[in-house]
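One structure below.
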Amino acid sequence: MFFGKKRFNFLTMLILYFKIVPAAATYRTVMAIISALTPTLSIIVTARFLDTAITAVGDRSQLHAVYPPLILLIIISLYHYYTSVLGNLVDTRMDNRLRRTLAPAVALKKARIKFRYYENQDSLDTMNRAIDGFDGKLKEFYDYVTGIFRLAAQVAGFLIVLSAQLWWAPFVFAVASAPSFIVAYTFGKKQYDNEKELTKIDRKVWYFGGILTGRDTVEERYTYGYTRKLNAKYISEYEKARISRNSLDKRMWVSGKCLSIITFLSGVAVIAILLPMAIFPDASGEIALSIGMFTALVGAVGSISQQLQWQVTQYIKDFKYRMEYLKDLNNFLDFDEEENADCLPDANVPVLESIEFRNVSFQYPGDGLPYILKDFNLKLHSGKHYAIVGINGAGKTTLTKILTRLYDNYEGEILINGRELCEYSQAEIKALASVVYQDFCRYPLDFYNNIAIGNVLDRENREKVENAVNVIGLTDVVEKLPRKYETPITKVKEDGVDLSGGEWQRIALARLIVNSAPLKILDEPTAALDPISESRVYEQFGEIISHNQKSKSQGITIFISHRLGSTKLADEIIVISEGRAVEQGTFDELMQRGGLYAEMFESQAEWYRDDKSENNESEVELYV
């Protein structure tokens, strides 16, 4: 496990990199050391080559002295070329290894984070900045550190050679470059802060882009003709981010250019001082600086001036940027985790006898947020099907999240078979409850595995899957598929096919059927179906639950629906309002009371009575 509660810094990032790709990291480090030394060596060898070449022009007998430095220069050139090619091959293999190793670790870390962080946009943004593409960020840290080392060695080597000619010259470069370094450090923080602010805009751009290009929205794009208007919004948000980033880059570029003039002038001054030393003899009649050394130093001064202007300032800016990133990474690592959140369900399916809420109150994390549930009391008994209804925001889905312990910060007691919910392990909770949410997943798998994934402990049980397909009414769909159960139902694959929204929802319900959990919750998964189809799905589902009893306990079924007609199929209906269960009873009992449920039901029933025709009259009567 690569992530824990430890604090990450530059050193720990390097250690992690070496731990994952030791061979590649060692090779690249050795190459970085050699690359750091070659520029200084090149200055010395170039100076030697020029001096011996000039001497050989006047004295042919000295021609043999030209070959050693010439060969060294050729070796250095070949080294740079071939190490670049080999480095690309090493990088490709290393990138693959990093991705294979870190992707599962990142997914595991995300799975263990408490659910509340996924419903808070600020913490979600922090998570995305910290952990998305972590393999690439880890490599960037290594490249950054080795790049700093390589540049520092190159600059130091040059300054050592230069100081041998002018001891004070290195101080000139240091003073001249200081303003650029300070500005670069400041811009590093500004750049990261700017990226944090642009996270929200980038998210909008991604969302609009998905609507404009996604397959799921293609019909509505053509039907409603909103492409042009939404495209204008996409361009507007994209331009906001682009202009903001370009503006900061431009300011950095202008500041760097202005300050680089100082560094450039310092280099010119050094060359101007070195020139007489290479032309005029000193008091003893000797030339203080050879032509070869002067020529090599002139070239090196130009190169080092550029490095001080751009590379060093860029590294300083990146240093501050990466320090800000490490803050986000460590903040993310401080997120509370759910112990054993990644475990499999317990193989022993529990017997469910009752669920009881005693004075349960709950509010979502955040300052000043209202209570969604307040002194909520309810008892559910084995063998019954319950329907939970209420207006949007009444707390229906919140009950599901608490029962499956996505949130555990409730007040009061929730008793499962008389035992407090928090005392159950994650494995027991997963074996206890199975849920189909409205926004269920459409996995890029074949038809069979899209259903079998509902029962991870028994995915090879084909009989269960085929039984679920028959009960839920998907047999005709399977028969039409080119490869039947093995057909990929995703357009990601070349031979994949797509299904309708209603067919996908039946697949989600089939996952629930193959699962052996005694508590089954349907949280408005049929929202895209018409009312009659929804009623039939719930009716079929009730039958399969009754038939698949494997113990004395029949378990408990809860379905949440905003269409009240389907709730007639429930043994009991629970009406939630203002965080409390205000009504409970059978359909007939609640209608006779004439309370909130009756009012809501009659309001919805009118919609269908008004639209009733001779052809669909019997079906509408079935619903209302």
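The values are calculated or read from the model by the stated rules, or taken from the named source; none is laboratory data. No experiment lies behind these values; they were computed from the predicted model shown. Positions of Cβ are backbone-derived with ideal geometry, glycine not excepted, and every protein chain shown enters the neighbour counts.
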(1) modelled with pLDDT under 70; (2) in contact with a helix residue (DSSP H, G or I) (Cβ under 6 Å, 6 or more places away or on another chain); (3) not in a helix (DSSP H, G or I): which one isn't true of E583, the others all being true?
-> (1)
Condition test on N330, is it of a type outside the set (A, V, I, L, M, F, W, C) and over 30 Å from I182 (Cβ atoms)?
-> no
Which condition does M31 not pass, out of (1) crowded, with 16+ Cβ neighbours inside 10 Å; (2) within 30 Å of R97 (Cα to Cα); (3) in contact (Cβ under 8 Å) with a residue 60 or more places away in the chain, if it passes all the others?
-> (3)
Quick one: what pairs do we get from the range 177-203, first residue among the β-branched types (V, I, T), second modelled with pLDDT of 75 or more and part of a helix (DSSP H, G or I), C-beta under 6 Å, 6+ apart or different chains?
-> T199/D125; I201/E237; I201/K240; I201/A241
Pairs with Cβ under 8 Å, 6+ apart, first in the range 478-495 and over 13 Å from I451 (Cα atoms) and without any contact (Cβ under 8 Å) to a residue 40 or more places away in the chain, second acidic (D, E) and surrounded by 15 or more Cβ atoms within 10 Å (Cβ to Cβ) | R483/D446
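Considering every residue within the range 429-447, establish whether at least one is assigned to a helix (DSSP H, G or I), out of contact with any Gly (no Cβ under 9 Å at 6 or more places or on another chain), surrounded by fewer than 17 Cβ atoms within 10 Å (Cβ to Cβ) and not acidic (D, E). Explain how you work it out, then say what you get.
Let us first name the residues in the range 429-447 that are assigned to a helix (DSSP H, G or I), namely 429-432, 447.
If we keep only those that are out of contact with any Gly (no Cβ under 9 Å at 6 or more places or on another chain) as well, we get 429-432, 447.
Next cut, surrounded by fewer than 17 Cβ atoms within 10 Å (Cβ to Cβ) only: none.
There is no residue in the range 429-447 that is assigned to a helix (DSSP H, G or I), out of contact with any Gly (no Cβ under 9 Å at 6 or more places or on another chain), surrounded by fewer than 17 Cβ atoms within 10 Å (Cβ to Cβ) and not acidic (D, E).
Yes/no matrix, rows are residues, columns are (1) of a type outside the set (S, T, Y); (2) surrounded by fewer than 16 Cβ atoms within 10 Å (Cβ to Cβ); (3) not assigned by TED's automatic domain parsing to the domain that holds G366:
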| site | (1), (2), (3) |
| --- | --- |
| F115 | yes, yes, yes |
| G133 | yes, yes, yes |
| Q191 | yes, no, yes |
| T199 | no, no, yes |
| V205 | yes, no, yes |
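Could you tell me whether E543 is surrounded by fewer than 18 Cβ atoms within 10 Å (Cβ to Cβ), among the charged types (D, E, K, R), modelled with pLDDT of 70 or more and at negative phi?
Numbers: surrounded by fewer than 18 Cβ atoms within 10 Å (Cβ to Cβ): yes; among the charged types (D, E, K, R): yes; modelled with pLDDT of 70 or more: no; at negative phi: yes.
So E543 does not fit the description; no.
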Scan the range 316-363 for residues that are modelled with pLDDT of 85 or more, out of contact with any strand residue (DSSP E or B) (no Cβ under 6 Å at 6 or more places or on another chain) and of a type in the set (A, V, I, L, M) and jot them down.
-> M323, L326, L329, L333, L344, A347, V351
Members of the range 3-39 found to be over 23 Å from Y321 (Cβ atoms) and charged (D, E, K, R), listed by number | K5, K19
